Amino acid sequence: MTEKQVLIPGPDHPITVTPAHATVTVRLGGRVIAKTDDALVLQESTYPAAYYLPLDAVDPDVLEPSTHQTYCPFKGDASYYSLRQGETFSENAVWSYVAPYDAVAEIAGHVAFYPDRVDITAG
């Protein structure tokens, strides 16, 4: 078994996690499926910022656990959820780091959404 590479954020690959200081709303097919004043913003290197919402801010009726998993050497193992609302199904649209690495420990208990699968607004 090969050990997973673990990398520490730094000047060449910075990662910051900060409070969103806004109400973040997520809609699927026009319906609000998540809304919170406690979202976090994760900014990783040159990637677009991602909102991480507390899992308990998401309507549990739309979440379907997935077997899909990915690995990030900066954040750890990611698990996924698919979204289902009526006839709308979006596979692996939500990810979570259940036990993130120390550098991003704040995102534990939070989920993020692919912005091309849902409508995310902050204001």
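The values are calculated or read from the model by the stated rules, or taken from the named source; none is laboratory data. Values in this document were obtained by computation on a predicted structure and should not be read as measured data. Cβ coordinates were reconstructed from backbone atoms using ideal geometry, including for glycine residues, and neighbour counts include every protein chain displayed. What goes into the accessible areas is simple: the full protein's heavy atoms, side chains included, and nothing from ligands, DNA or RNA. Shrake-Rupley method; radii C 1.70, N 1.55, O 1.52, S 1.80 Å.
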Legend entry - Stretch gain in nm, segment Glu91-Ala108, where the contour uses 0.36 nm per residue and the Cα spacing is subtracted: 3.9 nm
Inset, instruction - Please report the relative contact order for region 5-123, taking Cα pairs under 8 Å with a sequence separation of at least 6, and give it as a percent rounded to a whole number. - result: 26 percent
Inset, instruction - State the Cα centre-to-centre distance between region 1-30 and region 35-99 in whole Å. - result: 10 Å
Inset, instruction - Tell me the GluC sites (Glu not before Pro) within region 39-123 that lie in a loop according to DSSP and have at most 14 other beta-carbon atoms within 10 Å. - result: Glu87
Inset, instruction - Pull up all non-local amide H partners of Ile15: gap of 5 or more, or a different chain, and H-to-H distance under 5 Å with H placed in the peptide plane. - result: Gly10, Ser45
Inset, instruction - Find, to one decimal place in angstroms, the Kirkwood hydrodynamic radius of the chain, where the mean of 1/r is taken over every pair of different Cα atoms and then inverted. - result: 14.9 Å
Inset, instruction - Could you please state how large a percent of the accessible area of the chain is carbon and sulfur, counting protein chains only and using a 1.4 Å probe? - result: 52 percent
Legend entry - Cα gyration tensor category, rounded, prolate or oblate, for region 1-68 with a/c compared to 1.5: oblate
Inset, instruction - Using a cut-off of 13 Å between beta-carbons, work out the net charge of the residues near Ile15 (Lys and Arg +1, Asp and Glu -1, Ile15 not included). - result: -3
Inset, instruction - Using a 10 angstrom cutoff on alpha carbons, build the Gaussian network for the chain and name the most mobile of Gly86, Gly109, Gly76. - result: Gly86
